[in-house]
Amino acid sequence: DDTGMALTLHYDNGTTETVTTGWKIDAYDFSSPGQKDVRITYDGKSTTLTVTVTEKSLIGIKVTTPPEKQVYLEDSEELDIRGGKLTLYYNNDTQAEIDLSAEMVTGGFDNTKPGKQTVTVTYGGLTATFEVTVQAKDIDRIEITRNPDRTEYVEGTKFDPQGMEITVYYNNGKTETLTEGWELAYNFDKVGTSDVTVSYQGHDAALPVNVIAKTLTRIEVTKMPSNTAYTENAEFNDAGMEVTLYYDNGTTETVTEGWTVAYDFSAPGQREVKVRYGDMETDFTVTVKAASQQPTDPHVDVDDSRNPQTGNANRLYIWLLLMLIFGGSLTTLAVWKKRALSE
């Protein structure tokens, strides 16, 4: 760099001239450090200038060509820097381009963390960076790899996943075994084979189970009939009665018909009514009273038509008339007997 340089010209007449341009720098070699001669030619005359050449120093680096592979799959692929170029910048305004190497990578890449990542390259005590992307692994499918402890259920009961395991298969070739965290969908209201759908992050697997009919375990009269008092030989009336059915799946059902009853009201007292529904039976007690009987008192006439106190008005008139007739006859008879005696 001849900036600022001046050259003195010496003539044969003893005069001199200073110039700042017009010369030609013929040759020099700055390929190595040390004292170096630079030959300067002006108007056919040459001179030399000795300069000191110091070793060039690196002042900057930059990844000017990123690696060919810039997208990686989570927990699967290692960093691949093939195709990457690093440009070196020196203090002599020169630069050089070299290939990236694995030894230059000093941090920033973790394939277990999805997202953008900044990879650091170190060379000659200087650093540069480039970016890559780690894509989250995706689920290819799920599979029930261990059945639950129970695979048979009574209709209307709840599914129990105890003991069940599912395996998650990812697109990076990895698998994961889960014992919880899934969602379940099922319907055990119908008897037969039924599928339990196991869902995990948008993927499903089906588990067939056997659903058996619920069984009646007992019955109970939970609402008494309207009538609980009867006379002998009367018929039982179940109006108003309700019976609750208890099943082995923990459910109950209240019915107002469909049962059969057995009873004996042939004698008064506390009598048992047996209620049967299906194969189950229960009972409750009602009161049976004796039927009404005819009175045995001879002074009591139950015929109201002959009773002056309880008959109607017409019967009372007839009764009085009879008394008058019979009473008059008795008086006449008494008078006749008195006259006969006096004669």
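The values are calculated or read from the model by the stated rules, or taken from the named source; none is laboratory data. Quick caveat: nothing in here was measured; it's all calculated off a predicted structure. Neighbour counts run over all protein chains shown; Cβ positions are idealised from the backbone, glycine included.
The selection criterion, being more than 45 Å from the chain's Cα centre (by Cα) and within 30 Å of Gly173 (Cα to Cα), does not hold for Gly22. Look at Val63 and say whether it is over 30 Å from Glu131 (Cβ atoms), surrounded by 14 or more Cβ atoms within 10 Å (Cβ to Cβ) and either touching a Pro at 6+ places or on another chain (Cβ under 8 Å) or of a type outside the set (Gly, Ala, Ser) (or both). For Val63, the condition - over 30 Å from Glu131 (Cβ atoms), surrounded by 14 or more Cβ atoms within 10 Å (Cβ to Cβ) and either touching a Pro at 6+ places or on another chain (Cβ under 8 Å) or of a type outside the set (Gly, Ala, Ser) (or both) - is not met. Screening region 249-263 for residues that are loosely packed, with under 14 Cβ neighbours inside 10 Å and not β-branched (Val, Ile, Thr) and picking the one that is nearest to Glu152 (Cα to Cα) gives Gly250. Within region 73-91, being assigned to a loop (DSSP other than H, G, I, E, B) and surrounded by 14 or more Cβ atoms within 10 Å (Cβ to Cβ) holds for Glu74, Asp75, Ser76, Glu77, Leu79, Asp80, Ile81, Gly84.
Out of the residues in region 49-60 meeting the condition of being assigned to a loop (DSSP other than H, G, I, E, B) and over 20 Å from Ile25 (Cβ atoms), tell me which one is modelled with the lowest pLDDT. If we take residues in region 49-60 being assigned to a loop (DSSP other than H, G, I, E, B) and over 20 Å from Ile25 (Cβ atoms), then Glu55 is modelled with the lowest pLDDT. Restricting attention to region 164-183 and to residues that are loosely packed, with under 13 Cβ neighbours inside 10 Å and out of contact with any Ser or Thr (no Cβ under 8 Å at 6 or more places or on another chain), the residue that is farthest from Tyr200 (Cα to Cα) turns out to be Thr179.
Looking for something surrounded by 10 or more Cβ atoms within 10 Å (Cβ to Cβ), at pLDDT below 80, in a loop (DSSP other than H, G, I, E, B) and not small (Gly, Ala, Ser) - is there at least one such residue anywhere in region 5-21? No - not one qualifying residue is present in region 5-21. Here region 223-248 is the region considered, the condition is being surrounded by 12 or more Cβ atoms within 10 Å (Cβ to Cβ) and polar (S, T, N, Q), and the residue that is nearest to Lys158 (Cα to Cα) is Thr244. The residue list Val38, Val63 contains one member that is modelled with pLDDT of 90 or more and part of a strand (DSSP E or B), which is Val63.
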